[in-house]
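Worksheet: the structure to be examined is printed underneath.
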Amino acid sequence: MMPSIKYYIQSICVLLLCFSCVEEIPLESESEITNYLVIEATITDQLVKQRVQLSRTYGLEEEGPQPESNATINVNVSNGVEYEFEETNPGIYESISEFRALEDLDYSMQIITNSGTVYNSELEKLTPVSPINNLYVERGFDENGLEGVSIFVDTFNSDENSLNYRYEYEETYKIIAPLYSPQELVILNDDFDYPPNFFAGDTVEDIMDFFFLLQNRPEQEQICYNTVLSDEIILASTEELTNNDIDKFRVRFIGRNNYIMSHRYSILVRQYVQSQEAFEYYRTLSDFSLSESVFSENQLGFLEGNVFSVSNPDEKVIGLFQVSSVSEERVYFNYSDLFPGEVLPPYANSCDDFFTPILLKEDFFHNIIGSPVIDMLNQGFQFYDLTLSMDFNPFSVNPYVLVLESCGDCTVLGENIVPDFWEE
């Protein structure tokens with residue numbers, strides 16, 4: 001799984017980005033605004049199936065970007081090799097064979113859309129290799145005085161020239177549902193209404209057994225794992241440094257009350273060495289996103305990358321084709337490693353409340369018209385325990401203790417399958 005900033009770009013593209021020449025342009029019609037091709041293509045020196053993502057910008061009233069499907073994509077190398085891509089998911093293309101970018105070769109990309117429009121990229125070379133030397137965590141405070149944990153990167157650059165870096169991360173954390181029961185309450189009957197004497201002679205236990213089955217869960221839903229990809233542009237440069245080294249650069253800060261650190265946490269950091277052009281592109285994109293008002297009088301036009309339309313030179317294309325060296329490292333830690341003996345952060349949702357709905361409800365004529373227990377189970381509430389109620393009236397008895405869904409079922413917040421890479 002590769003982190004993507006496609007939606008980061010898309011959210012800004014819909015508001016019109018800026019020309020590299022910083023030229024103010026008027027707002028365009030909705031059809032023009034929503035028809036830009038967006039390209040995200042980074043070829044790396046890792047031996048993998050390389051990935052390209054294509055989509056179209058979208059209007060303010062639309063839900064999200066539209067994948068650009070059925071395109072033909074090739075990456076051409078100056079040594080005569082050509083790599084073909086195939087669409088694996090809507091708008092996502094992967095190289096048919098694994099390959100990695102090599103030094104001293106030129107790479108270019110060609111895209112032919114389903115409509116026959118041809119796009120080419122400029123020639124790009126692999127950026128210098130600069131591995132991550134150290135990835136580590138420290139307890140401390142951020143610039144706003146918030147206590148938490150910082151994830152730092154050290155990179156020692158042997159190249160005499162300054163280097164530019166962009167960082168992405170995947171964070172994975174363990175979730176433990178605090179009010180978990182190994183049993184679940186299954187609805188057997190919910191075909192209301194029933195006449196007043198339908199359960200004549202039955203005990204409350206009989207009625208409970210008619211409507212519900214209390215059984216062991218078919219799979220555990222107490223411990224889960226969730227993975228989140230970075231969605232911000234993280235840049236660093238040695239341009240103004242004397243030794244060309246990245247020292248204690250903070251990639252991620254997590255406040256101490258963030259529940260994702262409650263048990264065990266891991267982060268995989270990827271470091272991309274960027275060309276000057278790519279670095280300026282992302283820096284401009286980042287600066288633009290921080291502007292106070294994208295529709296102010298200082299509104300700029302369109303952010304130009306290195307991909308252009310061969311079929312229509314005046315067509316605007318968003319995105320970048322890069323050939324980057326990449327280095328990645330992973331680190332794990334437990335909350336107790338950095339906050340020994342201290343109270344865990346609060347859970348994702350408050351789990352202080354317990355709910356004891358009545359078993360059945362009736363109308364004025366004593367017809368059985370529903371079950372508050374069934375209503376709450378259908379809303380996602382989870383079984384927690386049986387009560388010790390001695391009430392024998394099904395219209396006032398509260399036989400079950402229920403809790404909020406996320407408090408009793410971790411799969412609301414993650415997946416109950418241990419990731420392949422996970423280490424305890």
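Derivation of every value follows stated rules applied to the coordinates shown; laboratory data play no part. As the structure is a prediction and not an experimental result, all values here were calculated from the model. All Cβ positions, even for glycine, are placed from backbone atoms using ideal geometry, and neighbour counts span all protein chains on display.
Values for this structure:
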read-out: Where the Cα pairs of the stretch 98-226 fall when distances are cut into 5 Å bins, in %; value: 2, 6, 7, 8, 9, 8, 7, 7, 8, 7, 7, 6, 5, 5, 4, 3, 1, 0, 0
read-out: Backbone N within the stretch 169-206 under 11 Å of label point (7 Å from Val228 Cα along the Cβ vector); value: 171-173
read-out: Potential lengthening between Asp375 and Thr242 on full extension [0.36 nm per residue; Cα-Cα distance subtracted]; value: 41.3 nm
read-out: Most mobile listed residue (Leu229, Leu105, Leu123) in the chain, GNM with C-alpha springs under 10 Å; value: Leu105
read-out: Percent breakdown of C-alpha pair distances by 20 Å bin, ordered from the shortest bin, for the chain; value: 21, 41, 27, 11, 0
read-out: Choice from Ser262, Ser275, Ser396 showing the highest fluctuation, given a GNM over the chain with Cα pairs closer than 10 Å; value: Ser396
read-out: Value at 222 nm in deg cm²/dmol, rounded to 500, when DSSP H runs of n ≥ 4 in the chain each add -39,500 (n - 2.57); value: -3000 deg cm²/dmol
read-out: Charge tally in the Cβ shell below 10 Å around Val273, where Lys, Arg are +1 and Asp, Glu are -1, Val273 excluded; value: -1
read-out: Order of Ser130, Ser69 - criterion: other Cβ atoms within 10 Å of each residue's Cβ, fewest first; value: Ser69, Ser130
read-out: The chain: relative contact order in percent, alpha carbon pairs under 8 Å with at least 6 residues between; value: 21
read-out: Fluctuation leader among Val52, Val373, Val397 - the chain, Gaussian network, Cα springs under 10 angstrom; value: Val397
read-out: Exposure proxy order (Cβ contacts within 10 Å, fewest to most) of Arg283, Arg270; value: Arg283, Arg270
read-out: Dipole axis of the stretch 190-272 (+1 Lys, Arg; -1 Asp, Glu on Cβ), positive-most option in Leu235, Ile260, Pro218; value: Leu235
read-out: Sorted peptide list for 417-424, 235-242, 92-99, criterion being average Cβ within 10 angstrom, highest first; value: 92-99, 235-242, 417-424
read-out: Using a Förster distance of 35 Å, the FRET efficiency for Glu103-Tyr259 (Cβ separation, nearest 0.05); value: 0.20
read-out: Neighbour-count order for Val38, Val186, fewest beta carbons within 10 angstrom listed first; value: Val186, Val38
read-out: Sorted largest first, extent of the stretch 353-393 alpha carbons per principal axis (Å); value: 33, 26, 13
